[in-house]
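Novice: Structure below; questions to follow.
The values are calculated or read from the model by the stated rules, or taken from the named source; none is laboratory data. This structure is a prediction, so every number in the text was calculated from the model and none was measured. Here the Cβ is made from the backbone with ideal geometry for all residues, glycine too, and neighbour counts use every protein chain on show. For accessibility, only protein heavy atoms count, side chains too; no ligands or nucleic acids. Shrake-Rupley method; radii C 1.70, N 1.55, O 1.52, S 1.80 Å.
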Amino acid sequence: MKRNKGRFMTSVHCLGVALLLVLGPLSLPASSQKPSAAKDPIGRLRSGNARFMKDKRRNVSYALERSTLITGQKPYATVLSCADSRIPPEIVFDESLGKLFVVRAAGNVVDPVGLGSIEYSAYYLGSQLLLVLGHDSCGAVEAACGVESTRPPPDGHSMGAFVELIKDAVETARRAHPGIGPKELVPFAVEENVRLQLENVKKSPVIRDLIKANKLTLKGAVYRLKSGKVDLL
(Lines give C-alpha, C1' and ligand atoms only; values in the text may rest on other atoms or scores of the structure.)
Protein backbone atom coordinates (compact mmCIF):
# COMPACT_ATOMS: atom_id res chain seq x y z
CA MET A 1 0.00 0.00 0.00
CA LYS A 2 2.79 2.42 0.92
CA ARG A 3 4.66 1.47 -2.27
CA ASN A 4 1.57 2.27 -4.38
CA LYS A 5 1.11 5.57 -2.59
CA GLY A 6 4.73 6.48 -3.31
CA ARG A 7 4.30 5.64 -6.97
CA PHE A 8 1.16 7.78 -7.08
CA MET A 9 2.91 10.82 -5.55
CA THR A 10 5.82 10.40 -7.95
CA SER A 11 3.39 10.35 -10.87
CA VAL A 12 1.68 13.54 -9.62
CA HIS A 13 5.05 15.27 -9.26
CA CYS A 14 6.08 14.27 -12.78
CA LEU A 15 2.74 15.47 -14.14
CA GLY A 16 3.21 18.82 -12.43
CA VAL A 17 6.70 19.24 -13.88
CA ALA A 18 5.40 18.36 -17.34
CA LEU A 19 2.64 20.95 -17.09
CA LEU A 20 5.12 23.63 -16.06
CA LEU A 21 7.32 22.78 -19.03
CA VAL A 22 4.38 23.02 -21.42
CA LEU A 23 2.43 25.93 -19.94
CA GLY A 24 5.18 27.88 -18.20
CA PRO A 25 4.99 29.24 -14.64
CA LEU A 26 1.49 30.13 -13.51
CA SER A 27 0.90 33.76 -12.53
CA LEU A 28 -1.79 35.13 -10.28
CA PRO A 29 -4.00 37.97 -11.52
CA ALA A 30 -2.77 41.37 -10.41
CA SER A 31 -5.59 41.79 -7.90
CA SER A 32 -4.65 38.58 -6.04
CA GLN A 33 -0.90 39.14 -5.88
CA LYS A 34 0.56 40.35 -2.60
CA PRO A 35 0.88 44.13 -3.03
CA SER A 36 4.16 45.83 -2.20
CA ALA A 37 2.50 49.24 -2.45
CA ALA A 38 2.09 49.62 1.31
CA LYS A 39 5.86 49.54 1.79
CA ASP A 40 7.01 51.17 -1.43
CA PRO A 41 4.36 53.03 -3.47
CA ILE A 42 7.00 54.85 -5.51
CA GLY A 43 8.70 51.55 -6.30
CA ARG A 44 5.40 50.09 -7.48
CA LEU A 45 4.80 53.06 -9.77
CA ARG A 46 8.34 52.78 -11.14
CA SER A 47 7.90 49.09 -11.87
CA GLY A 48 4.60 49.68 -13.59
CA ASN A 49 6.04 52.46 -15.71
CA ALA A 50 8.96 50.21 -16.71
CA ARG A 51 6.49 47.56 -17.93
CA PHE A 52 4.57 50.22 -19.84
CA MET A 53 7.72 51.44 -21.56
CA LYS A 54 8.57 47.88 -22.64
CA ASP A 55 4.98 47.20 -23.74
CA LYS A 56 4.77 44.30 -21.29
CA ARG A 57 1.65 45.09 -19.32
CA ARG A 58 0.30 42.57 -16.83
CA ASN A 59 -2.78 40.52 -17.59
CA VAL A 60 -5.61 41.68 -15.33
CA SER A 61 -8.98 40.12 -14.58
CA TYR A 62 -11.32 43.12 -14.51
CA ALA A 63 -14.22 40.88 -13.53
CA LEU A 64 -12.32 39.68 -10.46
CA GLU A 65 -11.22 43.18 -9.54
CA ARG A 66 -14.74 44.57 -9.85
CA SER A 67 -16.05 41.94 -7.46
CA THR A 68 -13.42 42.78 -4.83
CA LEU A 69 -14.08 46.53 -5.01
CA ILE A 70 -17.86 46.58 -4.61
CA THR A 71 -17.71 47.36 -0.92
CA GLY A 72 -15.01 50.02 -1.06
CA GLN A 73 -11.66 51.24 -2.32
CA LYS A 74 -8.21 51.74 -0.86
CA PRO A 75 -5.95 53.28 -3.53
CA TYR A 76 -2.31 53.32 -2.53
CA ALA A 77 -1.52 56.52 -4.48
CA THR A 78 -3.19 59.68 -5.66
CA VAL A 79 -2.04 61.10 -8.99
CA LEU A 80 -2.67 64.72 -9.93
CA SER A 81 -2.02 64.78 -13.66
CA CYS A 82 -2.71 66.87 -16.71
CA ALA A 83 -5.94 66.06 -18.54
CA ASP A 84 -3.91 65.43 -21.72
CA SER A 85 -5.28 62.32 -23.44
CA ARG A 86 -1.76 60.96 -24.04
CA ILE A 87 -0.94 60.31 -20.38
CA PRO A 88 -3.67 58.32 -18.60
CA PRO A 89 -1.99 57.42 -15.28
CA GLU A 90 -3.58 53.96 -14.98
CA ILE A 91 -1.98 52.97 -18.28
CA VAL A 92 1.32 54.83 -17.80
CA PHE A 93 1.84 53.02 -14.48
CA ASP A 94 0.33 49.70 -15.60
CA GLU A 95 -2.31 49.73 -12.88
CA SER A 96 -5.94 48.67 -12.90
CA LEU A 97 -9.09 49.20 -10.87
CA GLY A 98 -8.88 50.48 -7.32
CA LYS A 99 -5.13 51.16 -7.24
CA LEU A 100 -4.84 54.86 -8.17
CA PHE A 101 -7.05 57.79 -7.22
CA VAL A 102 -6.63 60.09 -10.21
CA VAL A 103 -7.36 63.82 -10.26
CA ARG A 104 -6.94 65.46 -13.67
CA ALA A 105 -7.00 69.03 -14.93
CA ALA A 106 -5.32 70.87 -17.78
CA GLY A 107 -1.82 71.79 -16.67
CA ASN A 108 -2.11 69.51 -13.59
CA VAL A 109 -3.14 72.59 -11.62
CA VAL A 110 -4.55 72.67 -8.11
CA ASP A 111 -7.89 74.41 -7.67
CA PRO A 112 -10.31 74.05 -4.71
CA VAL A 113 -12.15 71.10 -6.28
CA GLY A 114 -8.94 69.26 -7.11
CA LEU A 115 -7.48 69.95 -3.69
CA GLY A 116 -10.61 68.68 -1.99
CA SER A 117 -10.39 65.49 -4.05
CA ILE A 118 -6.76 64.99 -3.00
CA GLU A 119 -7.67 65.55 0.64
CA TYR A 120 -10.50 63.02 0.37
CA SER A 121 -8.21 60.36 -1.09
CA ALA A 122 -5.51 60.87 1.51
CA TYR A 123 -7.69 61.36 4.58
CA TYR A 124 -10.62 59.00 4.00
CA LEU A 125 -9.19 56.40 1.62
CA GLY A 126 -5.71 56.19 3.14
CA SER A 127 -3.75 56.98 -0.01
CA GLN A 128 -0.09 57.04 1.02
CA LEU A 129 1.41 58.96 -1.86
CA LEU A 130 0.52 62.02 -3.90
CA LEU A 131 2.30 62.26 -7.24
CA VAL A 132 1.96 65.48 -9.24
CA LEU A 133 2.59 64.48 -12.83
CA GLY A 134 3.44 66.98 -15.57
CA HIS A 135 4.49 66.14 -19.11
CA ASP A 136 6.48 67.33 -22.12
CA SER A 137 4.87 69.80 -24.53
CA CYS A 138 2.01 70.61 -22.16
CA GLY A 139 -0.42 72.88 -24.03
CA ALA A 140 -1.50 74.61 -20.83
CA VAL A 141 2.09 75.46 -19.93
CA GLU A 142 2.78 76.58 -23.51
CA ALA A 143 -0.15 79.00 -23.27
CA ALA A 144 1.17 80.35 -19.96
CA CYS A 145 4.62 80.81 -21.54
CA GLY A 146 3.13 82.84 -24.38
CA VAL A 147 3.61 80.32 -27.15
CA GLU A 148 1.29 81.49 -29.91
CA SER A 149 -1.41 79.08 -31.00
CA THR A 150 -2.32 78.62 -34.65
CA ARG A 151 -5.94 78.87 -33.58
CA PRO A 152 -7.06 81.80 -31.41
CA PRO A 153 -9.36 81.00 -28.48
CA PRO A 154 -13.09 81.67 -28.92
CA ASP A 155 -14.95 84.51 -27.24
CA GLY A 156 -16.23 83.75 -23.77
CA HIS A 157 -13.78 80.90 -23.12
CA SER A 158 -12.71 79.80 -19.63
CA MET A 159 -9.28 78.46 -20.52
CA GLY A 160 -7.58 81.43 -18.92
CA ALA A 161 -8.45 79.96 -15.51
CA PHE A 162 -5.83 77.23 -15.63
CA VAL A 163 -3.31 79.50 -17.38
CA GLU A 164 -3.45 81.90 -14.44
CA LEU A 165 -2.60 79.06 -12.05
CA ILE A 166 0.60 78.31 -14.02
CA LYS A 167 1.97 81.84 -14.48
CA ASP A 168 4.00 81.88 -11.26
CA ALA A 169 5.84 78.76 -12.43
CA VAL A 170 6.57 80.43 -15.77
CA GLU A 171 8.03 83.46 -14.03
CA THR A 172 10.25 81.26 -11.87
CA ALA A 173 11.52 79.45 -14.96
CA ARG A 174 12.08 82.75 -16.79
CA ARG A 175 14.18 84.16 -13.95
CA ALA A 176 16.30 81.00 -13.93
CA HIS A 177 16.72 81.06 -17.73
CA PRO A 178 16.69 84.69 -18.86
CA GLY A 179 16.75 85.60 -22.51
CA ILE A 180 15.26 82.41 -23.98
CA GLY A 181 12.12 82.39 -26.09
CA PRO A 182 8.66 81.13 -25.08
CA LYS A 183 9.02 77.77 -26.84
CA GLU A 184 12.44 77.06 -25.33
CA LEU A 185 11.12 78.05 -21.91
CA VAL A 186 8.38 75.40 -21.87
CA PRO A 187 10.42 72.38 -20.62
CA PHE A 188 11.72 74.40 -17.67
CA ALA A 189 8.27 75.81 -16.95
CA VAL A 190 6.77 72.29 -17.00
CA GLU A 191 9.08 71.23 -14.16
CA GLU A 192 8.55 74.46 -12.21
CA ASN A 193 4.80 74.01 -12.57
CA VAL A 194 5.00 70.57 -10.97
CA ARG A 195 6.91 72.09 -8.06
CA LEU A 196 4.44 74.98 -7.81
CA GLN A 197 1.43 72.67 -7.65
CA LEU A 198 3.12 70.59 -4.97
CA GLU A 199 3.55 73.74 -2.90
CA ASN A 200 -0.10 74.64 -3.50
CA VAL A 201 -1.17 71.23 -2.20
CA LYS A 202 0.95 71.76 0.92
CA LYS A 203 -1.10 74.85 1.77
CA SER A 204 -3.88 72.51 2.88
CA PRO A 205 -3.86 71.98 6.68
CA VAL A 206 -5.28 68.49 6.08
CA ILE A 207 -2.34 67.58 3.86
CA ARG A 208 0.20 69.18 6.19
CA ASP A 209 -1.12 67.17 9.15
CA LEU A 210 -0.95 63.92 7.16
CA ILE A 211 2.63 64.66 6.09
CA LYS A 212 3.58 65.51 9.66
CA ALA A 213 2.10 62.21 10.85
CA ASN A 214 4.10 60.31 8.17
CA LYS A 215 0.88 59.14 6.56
CA LEU A 216 1.41 60.89 3.23
CA THR A 217 4.39 61.48 0.94
CA LEU A 218 4.44 64.04 -1.88
CA LYS A 219 6.45 63.63 -5.08
CA GLY A 220 6.66 65.38 -8.45
CA ALA A 221 7.42 63.89 -11.85
CA VAL A 222 7.39 64.59 -15.58
CA TYR A 223 6.20 62.18 -18.26
CA ARG A 224 8.27 61.97 -21.45
CA LEU A 225 6.04 61.65 -24.49
CA LYS A 226 8.63 59.99 -26.72
CA SER A 227 9.91 57.28 -24.40
CA GLY A 228 6.95 56.89 -22.06
CA LYS A 229 9.25 57.29 -19.08
CA VAL A 230 8.22 59.07 -15.92
CA ASP A 231 11.13 61.03 -14.42
CA LEU A 232 10.90 61.95 -10.76
CA LEU A 233 11.99 65.48 -9.93
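Novice: Determine the shape class of the range 149-206: with a ≥ b ≥ c the square roots of the Cα gyration tensor eigenvalues, call it rounded for a/c under 1.5, and otherwise prolate if a/b is greater than b/c, oblate otherwise.
Specialist: Values: a/c = 3.01, a/b = 1.13, b/c = 2.66.
Oblate.
Novice: Continuing with the same structure: Using a 1.4 angstrom probe and counting only protein chains, how large is the accessible area of Lys74 in Å², to 10?
Specialist: 150
Novice: Taking θ = phi - 60°, what integer Hz values does the Karplus form 6.51 cos²θ - 1.76 cosθ + 1.60 yield along the range 110-119, in sequence order, with x for Gly and Pro?
Specialist: 9, 10, x, 5, x, 5, x, 5, 5, 4
Novice: Length gain on complete extension for the stretch Lys215 to Ser149, per 0.36 nm per residue less the alpha carbon to alpha carbon distance?
Specialist: Numbers: separation 66, 0.36 × 66 = 23.76 nm, distance 4.26 nm.
Between Lys215 and Ser149, full extension yields 19.5 nm more.
Novice: For Tyr123, Tyr62, give the ranking by accessible area with the largest first, probe 1.4 Å.
Specialist: Values: Tyr123 145, Tyr62 120 Å².
Largest to smallest exposure gives the sequence Tyr123, Tyr62.
Novice: Which pairs break 22 Å Cα to Cα here: Lys183/Lys226; Lys99/Lys212; Lys39/Lys99; Lys39/Lys226; Lys56/Lys229?
Specialist: Numbers: Lys183/Lys226 18 Å; Lys99/Lys212 24 Å; Lys39/Lys99 14 Å; Lys39/Lys226 30 Å; Lys56/Lys229 14 Å.
From the list (Lys183/Lys226; Lys99/Lys212; Lys39/Lys99; Lys39/Lys226; Lys56/Lys229), the Cα-Cα distance tops 22 Å for Lys99/Lys212; Lys39/Lys226.
Novice: I've got another one for you. Quick check: net charge around Arg208, other residues with Cβ under 12 Å of its Cβ, Lys/Arg +1 and Asp/Glu -1? Kindly include the intermediate steps, with their values, before the conclusion.
Specialist: Details: positive: Lys202, Lys203, Lys212, Lys215; negative: Glu119, Glu199, Asp209.
Counting the neighbours of Arg208, the net charge comes to +1.
Novice: Moving to a separate point now. Hey, rough spin-label estimate for Lys56 and His177, points 7 angstrom out along Cα→Cβ, what's it come to in nanometres?
Specialist: The modelled label-to-label distance comes out at 3.4 nm.
Novice: Still on this model: Please work out the average accessible area per residue across the range 52-133, using the 1.4 Å probe convention, and give it in Å².
Specialist: On the way: 4050 Å² over 82 residues.
That works out to 49 Å² per residue.
Novice: Here's a follow-up. Which whole-Hz ³J(HN,Hα) couplings does the range 57-74 yield from phi under the Karplus relation 6.51 cos²θ - 1.76 cosθ + 1.60, θ = phi - 60°, glycine and proline marked x?
Specialist: 6, 6, 7, 10, 8, 5, 4, 5, 5, 4, 5, 7, 10, 4, 8, x, 9, 8
Novice: Sort largest first and round to whole Å: the equivalent ellipsoid semi-axes of the range 39-124, each the square root of five times a Cα gyration tensor eigenvalue.
Specialist: On the way: eigenvalues 92, 64, 28 Å².
So the three semi-axes of the range 39-124 are 21, 18, 12 Å.
Novice: Work out how much length Tyr120 to Ser227 would gain on full extension: take 0.36 nm times their residue separation and subtract the Cα-Cα distance, in nm to one decimal. Walk me through the numbers before you get to the answer.
Specialist: On the way: separation 107, 0.36 × 107 = 38.52 nm, distance 3.26 nm.
Full-extension gain reported as 35.3 nm.
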